[in-house]
Every structure is written in structure tokens, then in C-alpha cells.
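The values are calculated or read from the model by the stated rules, or taken from the named source; none is laboratory data. No experiment lies behind these values; they were computed from the predicted model shown. Cβ placement follows ideal geometry from the backbone for every residue including glycine, while neighbour counts extend to all protein chains displayed.
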Amino acid sequence: MRLRPRQEEADALFLDTFLHIWTDADGYHPTRSAALDWMIALLYQRADQPPPAPSDEPWPELPPPDELWPAIRARLPDEEDDSRSLRWPLIIACVIGVLIGVLLSLSLLLDLRPAP
């Protein structure tokens, strides 16, 4: 939302970046950068914005899942009409989570492959 103020534009940028990550995953090299840094750089590139300055600060730690679930449940809609509007964002989030897991697994498997 910082890169695109309107929700529709932000969604389009997110999907465009996701498709670029998916189709250009072979361009990722774990020796050059972390996967998340690579994906964030692509996001800024797709937005025609300069990437943020690199930081040595670690990503903030998430609270344990037991503490997260009440906050997540509190944000879920109660009405049927609201839950329909969440269907596609939830599907997209699930697909992206699976694909990130696949990419990370593949990068680890490729690193563990014996040298020819």
C-alpha cells in the first residue's frame, strides 16, 4: 500500500510481482541475496520505485501462533457478505505461501545436489 495508494492498484502490483516471481524463479540465486530480499527488490522494480536501502536489522519476530489466532479470528468478518469478499485474497495468499515454500525447498535441494 506504500507503493500504490489505491487498493486496486496495490492488488494489481502484487499480482504482477507474484507472476514475475513465478515465471522468473530461475533468475533467483541464493548466493546473491535472501529470497525475501529478492522478492522485495522485484516488487519495487515492478512499481518503478527505487528499492529500500539494505538493512542489517533482523525481521521482527512473530508472536507464537497461540497468541496470533485470537487476533486473526477477531479480524474475520461475521457476515456472509463480507466473507465472500475475502475468498480471492485468501486463495491468493494460500497459493503464494505454497509457492514460496516450493521455491525455498527447491533452492535448498539445488544447494544440496552433489557437484558434477
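Taking Ile92 as meeting all but one of (1) modelled with pLDDT under 80; (2) surrounded by 10 or more Cβ atoms within 10 Å (Cβ to Cβ), write down the number of the exception. With respect to (1) modelled with pLDDT under 80; (2) surrounded by 10 or more Cβ atoms within 10 Å (Cβ to Cβ), Ile92 is out only on (1). The set of residues in segment 17-43 being surrounded by 15 or more Cβ atoms within 10 Å (Cβ to Cβ) and either aromatic (Phe, Trp, Tyr) or in contact with a Phe, Trp or Tyr (Cβ under 6 Å, 6 or more places away or on another chain) (or both) consists of Phe18, Tyr28, Trp38. Taking (1) closer than 15 Å to Asp111 by Cα; (2) surrounded by 10 or more Cβ atoms within 10 Å (Cβ to Cβ) in turn, Phe14 satisfies each apart from (1).
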